[in-house]
Amino acid sequence: MRLVTYRDALHAALSQAMEEDPTVCVMGIGVDDHKAVFGSTKDLVKRFGPHRVFDTPIAEGGMTGVAIGAALGGLKPVHIHIRCDFLYLALDQLLNLAAKWRSMFGGQMSVPLVVRAVVGRSWGQGAQHSQSLQSFMMHVPGIKVAMPTTAYDAQGLLLSAIADPNPVFLLEHRLLYELTGEVPDYCRAIPFGKTVVRREGDDVTLVANSYMAVEALRAADVLSGYGIQAEVVDPVSLVPMDEATILNSVRKTGRLVVVDTSWVTCGVSAEIAALVAEKAFDSLKAPVKRLGMQRTVCPVSKPLERAFYPHAGTIVAEVLDLLGEQRLDVQVPETATSFKGPF
Amino acid sequence: MRWKPTTGPFAVDGQEDEAQMTAEQGYALYRAMLRIRRVEEAIARMYPSDKIQSPVHLSIGQEGVSVGVCLALGPTDRVYGTYRGHGLYIAKGGDLKKLFAELFGRVTGCAKGRGGSMHLVAPEVGLMGCSAIVAGIIPVAVGDALASKVQGSQRLVVVVFGDGAVDEGVFFESVNFAALKQLPVIFVCENNAYAIHSRVADRHRQAELFRYGESLGVPGERCNGNDVFGVLGTMERAVADVRRGCGPQLVEFMTYRWQEHVGPNTDHAEPYRDPRDIERARRFDPLNCAEGRLRERLDLTDDRIAEWETDVQRDIDEAIAFAEASPFPDPASLFEDLYEEAPSCGS
Ligand SMILES: Cc1ncc(C[n+]2csc(CCOP(=O)(O)OP(=O)(O)O)c2C)c(N)n1
Ligand SMILES: [Mg+2]
């Protein structure tokens, strides 16, 4: 095992996949420039050439269609977007074509396409550079969806996404890129459909994904200081979803707080709350709670931005509330992130 | 007095546009550019202090375009822009105090601190909004022009976008519709040589972007964007044509981005740049070029320039002081302004 950043884990997986499979190609705005999508595609163009690693015009709709066609033509495109907000332009191609191709044509062909995109948060990303599009992709059948949290997830899921014959959407998070984690020396694919228990506990289940899993772990640390043991469960793979791990945890703790990187309405948290209501209702000792972005447009101004996003402090408060505890003196330090813009 | 546009590496042979202008107008163009330059420099200087906690896309080197475009417009004419919007905001007459307050995330900002650098707005002077999704705002401007035409208004609409926006399908859809309906809109492509780190020729086989209008029925032309007098002349003619009902126009202004795509620094040594371009850009600095010609043809003196510099510096200092003294928005106001109150429809 070795310790690497999330960015380097993505990079290692991409390099290895390109080395082992000559049909893998990497496309997207800036994939071949000196910034290399926060370093995740660094030097790939030097190693594999401009026919396999190429910049595209700024045309997300068209280029997504091209990627779908390239996949049908025998390539395995990895199409990268530095912000997932730009994917609204590509939803027609992704949801009307890529997601439907196999079933609509009677299962005769598949679209082996990987779309990687990054969620922006912090440093005033504002209304149009801060969104988190997982539920759009989850809502429409036909695309697999995952949100890697650790370097291990990033590396393993990118490899299995590339090996998968179906369209896969991998949603990464800007604030995870600098974080380090252990990965195997030789990158190994990890299967989709696995929920990861990040920390065990008996009192409350925190289902939290992507960067919110990091905040949930910080919250769990604070809570343990008060004698409350939170179990942190990360549904890394959203489609397909490993429901059993979530349900088992809720059956054990009887309490559920879901924390998602996006809005709660019709989102991942709604889906998981519904799952628990349907399949583990009897084990609930308290109503399910949900945290996500506040239901408004993401503001730039710092105090508003702080109020807009869930973080360890709001998670702790929610758990205490759920347990009927009055702990008004709880102080949770703001996340120490090294991320300081400008992008 | 008549002005000939400069020729230079970014100019087009045979460019004939000339602006008819008084000394006052010549000075106004220069002072507007000076204002933008000094504001952008102030932002770059203070950025490491973390007072501005949002991405900034600076317009240094591109001042001639915003200024020449906006000074050709009347007060009721409207503009739409991009995340690289400081220059457009200032040129259209946006308030400097509200600009700095917005950058500092204060409630007195032009968008109450919600939009930040990328989403400047000043409807009181006709800047309707700036969007950070490439090309997305182009059809919105066309829609405003549609409303103008339907209502028989004299209002004209200008949308300013980068060379990167011409990659997007929505650009073509918008130009087509504007041509179809002969709408009072001017498409201004501010070609600063790069979309982030990619050159126009890396993204287009046909790299003369202004020609894309022609095939859709919109006359297009390319001009030197570093010559503010030429920009004004070109725009005045385009504005006159649109007002006469000749339908939409497309103008591509050639300029050059001096700073990194986003952030306060320069990145002249990065591999995507051609060192000769930097050299040329320095030689054809729109501010210096304008100064040279004003000295040549008018009685522009050092004293007068020094006076203008002092004025701009004072305005910037006041704007920064205003911004710093302004409160941050109250977190309790987070949910405000999502919807406007709808009229009650009884029970
Ligand atoms: C739809 C969309 N795709 C990608 C981006 C990321 N992006 C931001 S600026 C930019 C380049 C735009 O270049 P250009 O239009 O030439 O404007 P400039 O920055 O040079 O002023 C890109 C690709 C975006 N904001 N929106
Ligand atoms: Mg550009």
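The values are calculated or read from the model by the stated rules, or taken from the named source; none is laboratory data. Owing to the predicted nature of the structure, the values given are computational and were not obtained by experimental measurement. For neighbour counting, all protein chains shown are included, and Cβ atoms are generated from backbone atoms with ideal geometry for every residue, glycine included. Protein only, heavy atoms only, side chains kept; ligands, DNA and RNA dropped before computing areas. Shrake-Rupley method; radii C 1.70, N 1.55, O 1.52, S 1.80 Å.
Tabulated values for the structure
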read-out	value
Percent of beta bridges antiparallel (DSSP, chain B, rounded to nearest 5)	15 percent
Along chain A, longest interval not containing exposed trypsin sites (Lys or Arg not before Pro), exposed being DSSP loop plus at most 15 other Cβ atoms within 10 Å	A:1-187
For residues of B:327-340, the mean tally of beta carbons on other chains within 10 Å	4
FRET efficiency for A:Tyr88 and B:Val140, using Cβ-Cβ distance with R0 set to 22 Å, rounded to 0.05	0.90
Exposure rank, largest accessible area first [B:Asp311, A:Asp260; 1.4 Å]	B:Asp311, A:Asp260
Largest to smallest accessible area among A:His129, A:His34 [probe 1.4 Å]	A:His34, A:His129
Inter-label distance, nm, simple model (7 Å from Cα along the C-beta direction), A:Leu284/B:Gln25	7.0 nm
Mean separation of Cα contacts under 8 Å (6+ apart) over length of chain A, as relative contact order %	16 percent
Those chymotrypsin sites (Phe, Trp or Tyr not before Pro) in the stretch B:277-337 that DSSP places in a loop and that have at most 16 other beta carbons within 10 Å	B:Phe335
Of A:Lys302/B:Lys97; A:Lys76/A:Lys144; A:Lys340/B:Lys92, pairs whose Cα-Cα distance is over 27 Å	A:Lys340/B:Lys92
Qualifying GluC sites (Glu not before Pro) in the stretch B:146-229, DSSP loop, other Cβ atoms within 10 Å at most 15	B:Glu208
Cα-based shape type of the stretch A:158-262, given that a ≥ b ≥ c are square roots of the gyration tensor eigenvalues and the cut on a/c is 1.5	prolate
Of all DSSP beta bridges in chain A, antiparallel share, percent nearest 5	20 percent
Environment charge at A:Gly201 (Cβ cut-off 13 Å; Lys +1, Arg +1, Asp -1, Glu -1)	-1
Helical segments meeting 27 Å axial Cα length and Kyte-Doolittle -1.0 threshold in chain B (DSSP H)	B:23-46, B:302-325
Listed residue (A:Val257, B:Cys110, A:Phe169) projecting farthest to the positive dipole end of the protein assembly as shown, Cβ model	A:Phe169
Largest-first ellipsoid semi-axes for chain A, taking √(5λ) over the Cα gyration tensor eigenvalues, angstrom	34, 22, 19
In Å², nearest 10: area of A:Trp101 left accessible to a 1.4 Å probe	50 Å²
Between the stretch A:278-308 and the stretch B:46-124, the Cα center-to-center distance that results, in Å	33 Å
Chain A: angle of helix A:6-20 to the longest principal axis, Cα-based, in degrees nearest 10	30 degrees
Charge dipole magnitude, Cβ of K and R +1, D and E -1 - the protein assembly as shown, Cα centre, debye nearest 20	720 debye
Between helix A:268-279 and chain A: long-axis angle, C-alpha atoms, 0 to 90°, nearest 10	60 degrees
Net charge, A:Lys42 excluded, C-beta distance under 13 Å - Lys, Arg +1, Asp, Glu -1	0
Cross-link partners of B:Lys149 among lysines (Cα-Cα below 19 Å; sequence separation of 8 or more within a chain)	B:Lys181
GluC sites (Glu not before Pro) within the stretch B:314-347: DSSP coil, no more than 14 neighbouring Cβ in 10 Å	B:Glu336, B:Glu340, B:Glu341
Farthest toward positive dipole pole in the protein assembly as shown [+1 Lys/Arg, -1 Asp/Glu at C-beta], among B:Gly64, A:Pro22, A:His81	A:Pro22
Sum of side-chain charges, A:Ala154 neighbourhood, beta-carbon under 11 Å (Lys, Arg +1; Asp, Glu -1)	-1
Those aspartates and glutamates that a straight Cα-Cα span of less than 14 Å connects to A:Lys100, excepting residues fewer than 8 apart in one chain	A:Asp92
Shape call, the stretch A:185-343: gyration tensor on alpha carbons, a/c limit 1.5	rounded
Probe 1.4 Å, all protein chains present, accessible-area order of A:Met147, A:Met1, largest first	A:Met1, A:Met147
Dipole magnitude (debye, nearest 20) for chain B, charges at Cβ of Lys, Arg, Asp, Glu	480 debye
Rounded to 5, the percent of DSSP beta bridges in the protein assembly as shown classed as antiparallel	20 percent
Accessible area of B:Arg31 in the full protein assembly, 1.4 Å probe (Å², nearest 10)	100 Å²
Coordinate range along principal axes, alpha carbons of chain B, Å, largest first	65, 49, 43
Contour minus Cα-Cα distance for A:Ser224 and A:Met104 (0.36 nm per residue)	38.1 nm
Cα shape, the protein assembly as shown, gyration tensor, a/c 1.5 rule	prolate
Dipole-positive endmost among A:Thr5, B:Gly81, B:Leu183 within the protein assembly as shown (Cβ charges, Cα centre)	B:Leu183
Amide N proximity, the stretch B:35-56 versus B:Ile305 label position 7 Å along Cα-to-Cβ, cut-off under 19 Å	B:35-42
